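Student: Below is the structure I would like to discuss, written out as structure tokens.
The values are calculated or read from the model by the stated rules, or taken from the named source; none is laboratory data. Please read these numbers as outputs of a predicted model, since none were measured by experiment. Positions of Cβ are backbone-derived with ideal geometry, glycine not excepted, and every protein chain shown enters the neighbour counts.
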Amino acid sequence: MRKKRLAEILSVIRENEIENQDMLIAALKARGFDVTQATVSRDINELGLEKSLSENGVVRYAKKSAGERLHSGGVFVQAVQSADYALNTVVLKCRPGWAGAACDAFDRMNFPQTVGSIAGDDTVFVLARTEKDAKDLYEKILNML
């Protein structure tokens, strides 16, 4: 049943612009799958789904490879509009509503010089271990953008 559900999720996101988990749950229920939010959340993580900008300008779930997450088509690059740093903090300014996705994508990159990150609606704060780490991280981010 799990494999069928995962395959159906991929089918649903290919055929529809699914913007959030509620929409995905409704689509799956319409196709005969009785799922909970927790199950769908685990499935999204297992499938490696990310939010991406569609051709119609809709932020939707999409299947991305690990390489795409780190390159120009990835959600991080789509979300982040600018970066800056002060002392040991890096600040990422994002498209409105995209900071959570950018923060998640950033965390998945596993930069060892970071302590943690936190996102608001359009801003991500990244705490680096030292001022030098923040500057180095800022430069790496600029090269990604």
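Student: Quick check, is residue 73 at pLDDT below 85 and either more than 28 Å from residue 138 (Cα to Cα) or surrounded by 14 or more Cβ atoms within 10 Å (Cβ to Cβ) (or both)?
Tutor: Working: at pLDDT below 85: yes; either more than 28 Å from residue 138 (Cα to Cα) or surrounded by 14 or more Cβ atoms within 10 Å (Cβ to Cβ) (or both): yes.
Answer is yes for this residue.
Student: Which pairs do you get when a residue that is surrounded by 11 or more Cβ atoms within 10 Å (Cβ to Cβ) and modelled with pLDDT of 90 or more, found in segment 2-22, comes within reach of a residue that is part of a helix (DSSP H, G or I) and of a type in the set (Asp, Glu), reach meaning Cβ atoms under 9 angstrom, with the pair 6+ apart or on two chains?
Tutor: Partner pairs satisfying both residue conditions: 5/43; 6/43; 6/46; 9/43.
Student: Restricting to segment 1-16, what's the tally of residues that are within 23 Å of residue 104 (Cβ to Cβ) and more than 16 Å from the chain's Cα centre (by Cα)?
Tutor: Selection size over segment 1-16: 7.
Student: Let me ask something additional. Which of the following residues is within 20 Å of residue 19 (Cβ to Cβ) and not assigned by TED's automatic domain parsing to the domain that holds residue 137: 74, 100?
Tutor: Matching residue, one of 74, 100: 74.
Student: Being at pLDDT below 95, under 12 Å from the mean Cα position of the chain (by Cα), crowded, with 21+ Cβ neighbours inside 10 Å and not assigned by TED's automatic domain parsing to the domain that holds residue 44 is the requirement here; does residue 119 meet it?
Tutor: Spelling it out, it is not the case that residue 119 is at pLDDT below 95, under 12 Å from the mean Cα position of the chain (by Cα), crowded, with 21+ Cβ neighbours inside 10 Å and not assigned by TED's automatic domain parsing to the domain that holds residue 44.
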